[in-house]
Structures are given as structure tokens and as C-alpha cells.
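Contents: one structure, followed by commentary.
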4 protein chains.
Amino acid sequence: MAGNSFGEAFRFTTWGESHGPAIGCVVDGVPPRIPLEAADLQGWLDARKPGQSRFTTQRREPDQVKILSGVFEGMTTGTPISLLIENQDQRSKDYGDIADKFRPGHADYTYWQKYGIRDYRGGGRSSARETAMRVAAGGIARKVLGHVLPLPVSIRGALVQMGPHKIDRANWDWAETTENPFWCPDSVAAKDWEGYLDGLRKAGSSIGAVIEVVAAGVPAGLGEPVYDKLDADLAKAMMSINAVKAVEIGAGLEAAALSGEENADEMRKEGNRVVFTSNKAGGVLGGISSGQDVVVRFAVKPTSSILTPRKTVDRHGQETEIVTKGRHDPCVGIRAVPVGEAMMAIVLADHLLRQRALCGNIEN
Amino acid sequence: MAGNSFGEAFRFTTWGESHGPAIGCVVDGVPPRIPLEAADLQGWLDARKPGQSRFTTQRREPDQVKILSGVFEGMTTGTPISLLIENQDQRSKDYGDIADKFRPGHADYTYWQKYGIRDYRGGGRSSARETAMRVAAGGIARKVLGHVLPLPVSIRGALVQMGPHKIDRANWDWAETTENPFWCPDSVAAKDWEGYLDGLRKAGSSIGAVIEVVAAGVPAGLGEPVYDKLDADLAKAMMSINAVKAVEIGAGLEAAALSGEENADEMRKEGNRVVFTSNKAGGVLGGISSGQDVVVRFAVKPTSSILTPRKTVDRHGQETEIVTKGRHDPCVGIRAVPVGEAMMAIVLADHLLRQRALCGNIEN
Amino acid sequence: MAGNSFGEAFRFTTWGESHGPAIGCVVDGVPPRIPLEAADLQGWLDARKPGQSRFTTQRREPDQVKILSGVFEGMTTGTPISLLIENQDQRSKDYGDIADKFRPGHADYTYWQKYGIRDYRGGGRSSARETAMRVAAGGIARKVLGHVLPLPVSIRGALVQMGPHKIDRANWDWAETTENPFWCPDSVAAKDWEGYLDGLRKAGSSIGAVIEVVAAGVPAGLGEPVYDKLDADLAKAMMSINAVKAVEIGAGLEAAALSGEENADEMRKEGNRVVFTSNKAGGVLGGISSGQDVVVRFAVKPTSSILTPRKTVDRHGQETEIVTKGRHDPCVGIRAVPVGEAMMAIVLADHLLRQRALCGNIEN
Amino acid sequence: MAGNSFGEAFRFTTWGESHGPAIGCVVDGVPPRIPLEAADLQGWLDARKPGQSRFTTQRREPDQVKILSGVFEGMTTGTPISLLIENQDQRSKDYGDIADKFRPGHADYTYWQKYGIRDYRGGGRSSARETAMRVAAGGIARKVLGHVLPLPVSIRGALVQMGPHKIDRANWDWAETTENPFWCPDSVAAKDWEGYLDGLRKAGSSIGAVIEVVAAGVPAGLGEPVYDKLDADLAKAMMSINAVKAVEIGAGLEAAALSGEENADEMRKEGNRVVFTSNKAGGVLGGISSGQDVVVRFAVKPTSSILTPRKTVDRHGQETEIVTKGRHDPCVGIRAVPVGEAMMAIVLADHLLRQRALCGNIEN
């Protein structure tokens, strides 16, 4: 009933606070005999790691993940896999200010209301630091997809909007996403964003973003109607990421303005395969994958840690002001890209195993 | 692992196909000693019932709900509550066409891919008829909220966009929503929509919509980070409704374009109560309710049942065309309003009981 | 969190009270394309049905099960299967006595303590009438086993002890179990029990019993350590049956008195197959099936409905006496035999699908 | 769907292998603001620790538990609590023999059949070493009981039978259980067992045992019929402990031989309280606690690690023999006593929180 686990067949549970000794997770339900070592996960963690450019928080964490169980002689054994990352850069600073005051836009007030106690150091449990374990678990999920399915599934994310500035989709080039510090698939936009974000950073301000994650090679048949639909679980997965305020599948919000003629993707044959002439559905029909690309977008709000003083109250019920000093991301959406990819991998792996329970082995 | 249940503490399971003998649900986890009779649920069902204006499907169903268990002498007993609605208007028509062909935009193809069999009559399990049970279960959830909390929680929904036409929020009047056939809170917009939708209906076309659901009186403290956050469960709940393609909390997608200064809601005191000077967060911070109004919006795609012939394939793998005749909603979003309200009530009741498990009795 | 569901992959939820309009269940997670009709389940229900001999309660219920969903043209569709049995023999009698008084040994007092309200008619939710739905769901579970596995699994139950009288295992003959009203595999014991039970019945007394259920043909590999072990789930399944007070696997309680040499089953080869030279383990090692017969026994207490006056209290807190009149089973253990078989089938089907999720298709 | 978690409201997940770097668990659902430090758990672990007398395995583990999350300034925060114990005494020995051969009575063969791979070092995941985490989690569960309930709950275990030798219940003295190395409440029996077990130990043999766990002070109303009954969950909890083959509640197996007159516990008043004149039910009626002592017994088989050569097969399918050398417990049942206590505490804490969800705050 507490909510620190995700998934049913591929199920993981995370634990840990921003400034505790370590963070970690346990992944249960990983099929046996999959080659796995820490290095397989480290690559994904390194991509998410803070402090890689001037555009993300300057907290320095090596984020070295350790596998403590569930792997024997380089292979998964079917038993739970425990992952652990030690927290290293826990600055011994004075937290007096945020210990007492509730930062607007942060979870300080609601944690206090819910639990009557909170670990205020760096946001405690509500810190985005927890997402490191999602990325690690996502690395295992990718392994599961590769192990169970005969063909590879590709999962890639991109930043498609920074503040009010959207990319030009005509410029989309996946290769570009690793060439700039924003995961931006449009090299022209990426160029513009650099100056824009520098301005915000220097002003101590912050801005929101939109991330798009695309999974290609997903077999048809994943999703468990009518409540654990694939898109419903993706919506939950993405909305559970820190600072996310909206989730779209395929045409998303724009589908509201479309007519039935414009919206429904027609079907044709291409050789022996059924193909769709468009993908407004985002690869999900009736809550079940159709074999098309699964396309999810989510909006991330600007971080609430800014240098402008803000009105708030403290835990003694007094009105006050607060300025959130310290290490911040001017656009936390950037670091949400690998997290969104990881959650996509996790939802797909979970539903792949669930579909296997119901219908037996499956192919893409 | 199959997905026909929702919720953990307030948990309901629905069953039934569009043209089977009946549809129903079982609600487990309802606290004992709550006054309940079928009439309490019938009102909500009547609001959702099809065939009430020329703008919704002409299928005629009395939708009389029966309570088969869990209530004794007018009070809940704490045991599972079984609800049942008999299907009556099951036209004995020829389904030959859709039996063989996959309607674009519908779940026909994916059900076939997933299960290798499908009850094609009226969409079978994928029909929006299932949502009647959500509305009935939502009626019980409202009773739970009223029973557990000292103050009433108000949950109301409205259609805020039909196709490209948005309401003017300056005109918002909740009382208006029951005065037009659209649940539209803006009387001016409602007037315009009438002609607009008539045109679409006569053309055999359809259009999407956006629904907003607002819950007032929700206590602070609901939501179970970091995966069963209140907003994450709301996103799942809404995305699981037929035809929904996007879910927003508070500022939603627009948060992406906001700066940190614009987005974070400041806090003040009003007498002894903490109040917020705005509600960009939609009543949820860090996945936990803040005591503000919980605000959710979701986008519904246009129904794919239209009179224009569409290209598709049949189950023998042949290319073909299809025209979906029969009874349709030109704007299915209209009937999604009470369903969205019901899912809001269910998520809140579930999290209220979960919070009670963790922290004991709770007040709003 | 309320507890009216069982199983994870093969999951069923029951509802209904002894004297409500109907009882029923929803089975979710049944693989598609399995031939199924009500008649397949009726046979199992008829075997359990009360009133078949003078040794079971004289309540007369036709117990005609209806399938309301999840089956199309004689085949399962992968959607939830709703089963319903109408209650018919609800005698309109005066319940005044048990409405107020708590019958010793019954659930009256604890339901009152837990819920603060109870449907006292015939025991309400705590009545063994609920087990009819277990038997029906068990019929579906048997179908699942037959569908997923290439070879048949045989599940059979027997009464091996009535009161102090145990069978002679040297006389064990499965064919005998359907030749006497006790499911007794020992024709000699069955003869003796007849007079014994007649005596108890006429005296208005009752007696306990021990049931043994054996599943043959179960593949190795079922069970999910370390908490959802096959034997742990069997223990829960059997202990959840009304009046059960003990569960044993294999040697059971006697294992406590054995030495390591006596207890561990040795392994040999028989052609290409691994065979065990004994089955003290009852077919489960480390919580996982070994391929041997899965052997479970459970003890059923005597029904507490007897004609001897018993001391008790009433709901007003007054000391009083009670005699439980009405229709009773002198040995409720008899009717628990098909229920035990059903729960075995359900646990095996659930774990078969779970193992398929983890490791793919499986053979016996 | 994999099975390494237990409980719903108080939910814990264990991980780790006997000879991996560490074992651990995550406990989710612990209410906030409960004082907790590692020392609170260490006491229970020390009681369970191996190597304390010549009658338990000579493996030497300090078993120092660390709390890695969920506690802030000495108080629980409502977030998941991660516990970790490093494995220290991992002898670098040659496992060649058991790497290839399946030890009779152990889980070697079934893990191989299920997963197709196994960590054979010390039994890997199937080792009783996992139970250390149950004991640690049980320590937290006791804290939860103490925090939520106004009066203390006492949970105590005892060895009541070693091999064929039962205690004399007339001699029962709880204080005695900590005075001998067997948790035996009968000082006379304890004396006799010493010589008996020494003989077995020297012979390289082993013997089974029966453990009884009694919880006093449990409020009426715990348990969620009809599947998550308190006794059903206790049965599952105890049967999930390594080597357990039978579970009894109250009169247990003996209830089968009792008449209705003998078995049903009568009720009287004692001042304002309802009291029972006996406790055949073991404190559970209809799956719900009655307020009486909750009494559970379970039988543990003898360890299969003995010095007598046993026939078996190896993983290449060849017949062979095996002698299990190394460190063993002649009576593993002894060390199961604190584990049974821990599982009792966990089941009670889980159901206490579940009852609080359904019915609000509760008192004993």
C-alpha cells in the first residue's frame, strides 16, 4: 500500500534519500540466464549523471552502481537483483533554512502534512536523486527485452521543447541527441537553446521542457485492458517522475482537435506485414500495442529552486520568504530524458512478461 | 497480472462485454456501516446514460444497477459489493462486416493480435460500455469519501474544449454544466458547440474533446510516493478511460513553457490555514495532495466510428475498406465527463484509505 | 487490502452472502482460446452440492452456474470471466436468535468486532456457501492446466480421517472415493464411518476430519521463492477454507519426528527421467515443485452448529445460552474435499502462469 | 509475480544469497515517527545468530545490521527502510561436489529445474541465511505494533517437540525458553534433549522439531476474509520458512478428532470484557482475531545435510552419491524459533494496518 514499487511481473522497489548513506533498488521478476554485469548498467547511469555540463546541477557523484545479489558467474539467476549506489557528495552544509521553511513548488509542505516528519536534507526521499535507480533498473529492463524477444527493441528519448521553444520536427535526427547537452534531435534548435539556457542560468531562473520517448520494435499485444492498459501504465510511469505535469500518447492533446477522419490510422499490407499509414495512436489501440512505434511525451515543470525570493510559510505556521541557494538545474527536463527512457523500458518489460503469462512465448 | 482491477485499498474489478448478458463489477475494501442503496448509484449512472440527447449514441439502455452483495439492511458490511447491470439493447444485427475487418482507430486489430480471438459484437470488452461500471463504483467511492472525512469533498467535471473550440474560462459557471448537453461550464461556448456538433453529426463525422475534473475539499497528505503518487495514479486512471490520449495535472503541458518564478505556487496564511496564492500544481506536490483543489484534464480522441470509408485489412490479411455504421457519439468526450469524475472519486477514496493505513485517521 | 481475491496471474475474486440474492466470482487472467461452457463447471459443483446424502446439510440448492462474460462462441477470450449462482433456498425463517447471540466457534463474534455490523442470515459472508465459487473457479483452473500443459494433470481428493478414525492406507483405492458418501478411498473404513456418523447426526453432534489432495503430473519448477513458495501458497489456500485448522505438505507434522536419513527423498534415474525413491517432501523442495505428486492434507474442525446448548454472550454484552437449530453437516469435512481439490487446481494454475512469465513456455 | 515480497500494508522484500556480498531487505509501509535504530533490530538478530551453542551451525557471522534509509534523526519517516547485513564468513572452499550434484531434500534440483541456473554456494538463495532479514523486518513489525496499539503485544516462541520428544505442557514456563539452547519452555525436557541432540550431532545426523508461537494482546478484528484471513496468512508465513512442512492454528490437527461440543470455545463476561472458556480456535474465528492469544505451531523437517552418503543424480543426469560435509544444524528447528516469532509480528503488523485502512484507528 505504500508506493515504492513499480510493475507486477518485472517489479522493482527503490529506497534511499538524497543525503542518506546510499540509494538502491531491488528488481524482482528478472528471468534467469541473462548475461548481466554492473558495467551494463553503468553506461545508462553515466548518461544521466549530474554535473556533465554547465546546464545541469553541479553535484558530483560518481554513481558507481553495485550488484549485490541475483547474478552468479555473470548471469541472472531468477532471484531478486539488489542494486546499490553510495552517496558521496553529501555536503555537510547548514540546512537550517529549508529545514524550517517549506520551499514553494517543492514537496516540503506535503511531506510534512502527510508524514509529520521529513528528511529535509536535499529533499530527502522527494529528491530526483531517486531517479538514478530508475535508470539502473531500466538498464535491466532493456536486457529483459533483448533476452525474451528475438528482435531488438530500440528505446530513445529526446528533448522536443525547452520553455516555449519547440524543435522543428523536419530537422529530427536521432544521432544529434548525443551531440548536444540537451538530448535535442534538432541541431538548429540545440544551438539556440544554448544561449537561451545560459541566460536563465545566470539569472538564477529555471524553465520547463517536453520530452519525447519512442520505442521501436515493440511486438503487438502488450497491455492488459481495461485498467493496466499499456498507455495507462506509461502515463503512470511518466507522471511518477519528479516534476512531470502532463503525459501524452501519440497525437496526445492535439487529438482533441482532430476529426475522426484525421485521427484514425488506416491499415495496409506491406508484404506479409500489416502497416499503418500514420501513427496518431502512438502505437497503442485499446490499451494494447499495435506493433507501431510506441510514442510518449511528457512535460516537466521548471525546478522551483530559483534565486528569486519567494513567499512561503514555515513549519511553525509563520509567513516568511525563502531563496533556494545551492546546486540546481536550470532545466531539470534535460536530465529527465534518460529517466523517461528507463521507465519506457520498464513498462515494456513488465508487460512483455505479463503477456507471456497469459499467452505464452511472444515474438516481435 | 491481467488488468481488470483498479485500486489497492478501495479495489474494484469490472467484467462484461458490450453485447453479453450483463456487465458488472466487484468493489472490495469498502468500509462497513455506510448507508448505501442502488438508488445512490443510479443517479450517477443516469447522468452518464447514452441516448439522452441527439449528441450521444442512440443505444437505449435503462442501465438499472443492482446491488447483489455487501449491503445488509441498507448499510455496507465491509464485504465485497457486487454490482450488475443487464444489457438489454443488444440489437440482433449482422456483425459480418466488423467480425472480419479491423476498424481503424478501434481496438479490433490489437485484441486480435493479443488474444487471437475477439468478441466483435459492439467492440466486446473494449466497448465504452464498461465505463458504466466505473461510474457505479465511483458512486460508492463518493460515499466512502463522505463517510471517512468530516467535511464533504466535491468532485465535478466539465467539457472545456470541443474539437478546436475552447471555452472562455472567464465565463466558467459550474451551475451551467447541467444546463446544456455537453457539461460545458461556459454558456456562450455551449451555444456555439450545438451548431458545430450538429454539423459533424449530420456529416457522419466525429471530433475530440478535453475534460477537466476538479476535486475540492481533498485533505492534504494523499498519495504514496514515489510510484503511487496521487498524480501518477490519476494519470493512470484517466488514461485507462476509452479514447483518452493525454492527461494533465494543474498547469499541465503549459508548465513546460513557464519559468520557475511563474510556476511555483507561493504560500501564505489565512487565519490558521495555509493557503496558496495560485494553483499551477493542480493540488499535488511531490505526488501528495496539498489541500488545494485537485485539477486534472484529459484529452479524448474523436471516435473512429465514422461514415467515411476507411482503408483497413481483414483478419485473413486482405486489404479492404470499412464504413462503421450504427449508433455513434459524434463527440464521445461528452460521455467521458461523468467517467472522469468517477475515476477521480475512486483514486481519492483509494488513497484516503491507504493514508489511513499508514498514518491513522485523517481530516480535511 | 481487503481480502476477497486469490492468486496473482490466475486471480479470482468472490462475492456474496449465504442468504443474499446470489453468489459469484470474477476470474481474471484466464488465457484465451480455451473451450469453456457452464456445463464444464457444473459437474464440479454438483459433486460439492449439499443435500446429496443424509450426511450433509439438507439445504437444497440447484447451484446452476451461469457464465456472464469472458467466453465467446464457446471459447475464453482472455477477458474476465464472471460466474454467478442464484441463491434459491433462502428460508424465510426467524433469525432472531442468532441475530443477537454470537454462536461459539462461529465467526459471529469476530465479524461483529471487526466490522461493527454483520449479515447474520445463515452466517452471511462467513458461510461455507462461498466455497461453491471456489469449486467453480477451480473448474476453470483445471481447464487452464489442461490448455497450457501438454500432458494432463490429475487432481484428486479423499477423506483420510473422520474424527479419530483414520483410513488404512493399504486399502487406498481412488476409485472407491466416488462409491461412498465420504470421498473415502478405503472401502472398509467407509463402511465403519457410516454407522459412526449416523450416531453423531442423530445426537445432533458433529466431528472433524482430515482431507488429502494429490496432484499428479505437475511439472517441476512451479513456485516462487522465498515467499510465494508453492507450499506456502497451498497452505494459505487450504487454511482459507472454512473450518480448516491445520495444513500439511508431504510427511507434514510427522517430519518433525524423522531423522535426516529418513526424511530426504533420494533420486535415481528411470530411463531419461529423474525419479525419487520416496515422497516425504510431498512434491515440493525449496518451495518449488519437483515433478513428484504434490500432496497436501488439511484438518477440518467439527462444525460448531450442534444441538447441545452452549454458553455465550449476545451483542448487548449479556451472558446467555444458544442452541443452533437448522440444517447442518455432522461432518463438514466431507464437503471440503471438492473445495480442497479446487484450491489445489487454482494454486497450480496460478503458479503455472507465473512460471511462464518468468521462464517462458513450460512442459510437464 | 516473482515471490520475494510479503505483506500488503507492511510489505517487505528480501534479497541476497548465502555467499554473495550481502543480504538485505526493504520494508515499505512503516508508519512515520516511530523511534528506530539499528540496535533495536540487532537484539533480535543476535538471538537468531548461528554459532551460539554446539547445537547450531558453526558458521560465524557477526550479522551487524545497517539501516540505510527511511530513518531520520532516530525516527521513521514513512519512506522505505533498507536494511543490509554484509556476509563475512564466506569460506573460499571448493564447492565442486554440490555444484554438480543435487543434494536430496535440498532445493538444488528444483532450483535447477525452475531457473536452469543456480548459485550453489551454500544453497544460494534457498539458504536459511535469508531468514536473518525476516528477523530484522520482524523487529520493525514489533515496533509498528507498539506504535499503533495502546497496549503492548507480546510475541513469544518455543520449541515444543524435538524429534519424537514432546514437552510436558504442565511444565510450561516462558522464562525457561532463554535458559537453554533450545528455546524449550520445559526445563525437564530441555535437559533430556541435550543428550539426545548431542548423540545426533556426533552421528552426523539430524532431526525435526515443532515450534509454537503465541501472540498475546492482539486486538479483535484483524484478518481479511475470505482469502487473506489471519490464519491463512499465518499459514503462508510459516510455511514459507525454510524446511517447514506443517502449520497448525490452535487445536490444529487434533481438531479433526474433536466433537463440536469439545471444540467450540464458549464465551462469558469478565467485568466488561468478553472472555472465552478455552482456546481451541487459537485466537482466530472465521479468519479474524478474537482477542484471545493467537497460537500457531509449525513442524520443521530435519536438515538434509547429513554425513550418511545418499543416492542422487547430478546435473548431467548421472546417478551418483553425495555426502554433505560442512557446517550444519543437527536440529534446524531451533533456529526457526525467532524466525517464527518474526513472521508472527509481520503478519500482525500487516493486518493491523489493513484493518486501520478499512475501519480507522483500532485498540487492543
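Only one of the numbered conditions (1) over 27 Å from C:Gly250 (Cα atoms); (2) modelled with pLDDT of 95 or more is not met by D:Asn272, and that is (2).
When D:Pro330 is tested against (1) out of contact with any Ser or Thr (no Cβ under 7 Å at 6 or more places or on another chain); (2) more than 7 Å from chain C (Cβ to nearest Cβ), only condition (1) is not met.
For the residues C:Arg335, C:Arg297, C:Arg315, C:Arg310, the requirement of being touching an Asp or Glu at 6+ places or on another chain (Cβ under 8 Å) and under 30 Å from D:Ser304 (Cβ atoms) singles out C:Arg297. Taking segment D:216-307 and the strands (runs of 3 or more DSSP E) fully enclosed by it, the elements with 1 or more residues that are more than 7 Å from chain C (Cβ to nearest Cβ) and crowded, with 24+ Cβ neighbours inside 10 Å are at D:244-249, D:294-300. Within segment D:79-118, the set of residues being over 25 Å from C:Thr277 (Cα atoms) and modelled with pLDDT of 95 or more comprises D:Thr79, D:Pro80, D:Ile81, D:Ser82, D:Leu83, D:Leu84, D:Ile85, D:Glu86. Checking A:Thr312 against (1) buried (at least 23 other Cβ atoms within 10 Å of the Cβ); (2) more than 28 Å from the chain's Cα centre (by Cα); (3) closer than 23 Å to B:Ser205 by Cα, which test does it fail? Looking at each condition in turn, A:Thr312 falls short on (3). Criterion applied to C:Ser154, C:Ser187 was being farther than 26 Å from C:Val347 by Cα, of a type in the set (Ser, Thr, Tyr) and at pLDDT 95 or above, and the one residue passing it is C:Ser187.
No other residue among C:Ile155, C:Ile117 is hydrophobic (A, V, I, L, M, F, W, C), farther than 29 Å from B:Arg118 by Cβ and part of a loop (DSSP other than H, G, I, E, B) apart from C:Ile117. Within the set D:Pro21, D:Pro50, the sole residue that is surrounded by fewer than 24 Cβ atoms within 10 Å (Cβ to Cβ) and modelled with pLDDT of 95 or more turns out to be D:Pro21. When A:Thr56 is tested against (1) over 30 Å from B:Gln292 (Cα atoms); (2) modelled with pLDDT of 95 or more; (3) of a type in the set (Val, Ile, Thr), just one condition goes unmet, and that condition is (2). Taking the condition modelled with pLDDT of 95 or more, of a type outside the set (Ser, Thr, Tyr) and not in a helix (DSSP H, G or I), does A:Lys325 pass? Spelling it out, it is not the case that A:Lys325 is modelled with pLDDT of 95 or more, of a type outside the set (Ser, Thr, Tyr) and not in a helix (DSSP H, G or I).
Residues in segment D:24-52 that are farther than 29 Å from B:Glu8 by Cα and either within 11 Å of another protein chain (Cβ to nearest Cβ) or of a type in the set (D, E, K, R) (or both): how many? Number of matching residues: 5. Taking D:Ser205, is it buried (at least 17 other Cβ atoms within 10 Å of the Cβ), of a type in the set (Ser, Thr, Tyr) and touching a strand residue (DSSP E or B) at 6+ places or on another chain (Cβ under 7 Å)? The answer is yes for D:Ser205.
Yes/no per residue for (1) crowded, with 21+ Cβ neighbours inside 10 Å; (2) under 24 Å from A:Leu352 (Cβ atoms); (3) within 10 Å of chain B (Cβ to nearest Cβ); (4) touching a residue at least 40 places away in the same chain (Cβ under 8 Å):
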{"residue": "A:Gly105", "(1), (2), (3), (4)": "yes, no, yes, yes"}
{"residue": "A:Asp119", "(1), (2), (3), (4)": "yes, no, no, yes"}
{"residue": "A:Arg129", "(1), (2), (3), (4)": "yes, no, no, yes"}
{"residue": "A:Leu145", "(1), (2), (3), (4)": "yes, yes, no, yes"}
{"residue": "A:His165", "(1), (2), (3), (4)": "no, no, yes, no"}
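Of the listed requirements (1) farther than 19 Å from D:Ala281 by Cβ; (2) small (Gly, Ala, Ser); (3) more than 14 Å from the chain's Cα centre (by Cα), C:Ala136 misses just one: (3). Within segment A:302-321, the presence of at least one residue that is within 30 Å of B:Val300 (Cβ to Cβ) and in contact with a Cys (Cβ under 8 Å, 6 or more places away or on another chain) is confirmed. Taking every residue in segment C:220-241 that is closer than 22 Å to C:Arg125 by Cα and pairing it with any residue that is of a type outside the set (Ser, Thr, Tyr) and assigned to a loop (DSSP other than H, G, I, E, B), at least 6 positions away or on another chain, the pairs with Cβ-Cβ distances below 6 Å are C:Ser240/D:Lys229.
The requirement of being free of Cβ contacts under 8 Å to residues at least 60 places away in the same chain and among the acidic types (Asp, Glu) is fulfilled somewhere in segment B:269-277, by at least one residue.
The values are calculated or read from the model by the stated rules, or taken from the named source; none is laboratory data. Since the model is a prediction, treat every value here as computed from it, not as a measurement. As a convention, Cβ positions derive from the backbone with ideal geometry for all residues, glycine included, and neighbour counts pool all protein chains shown.
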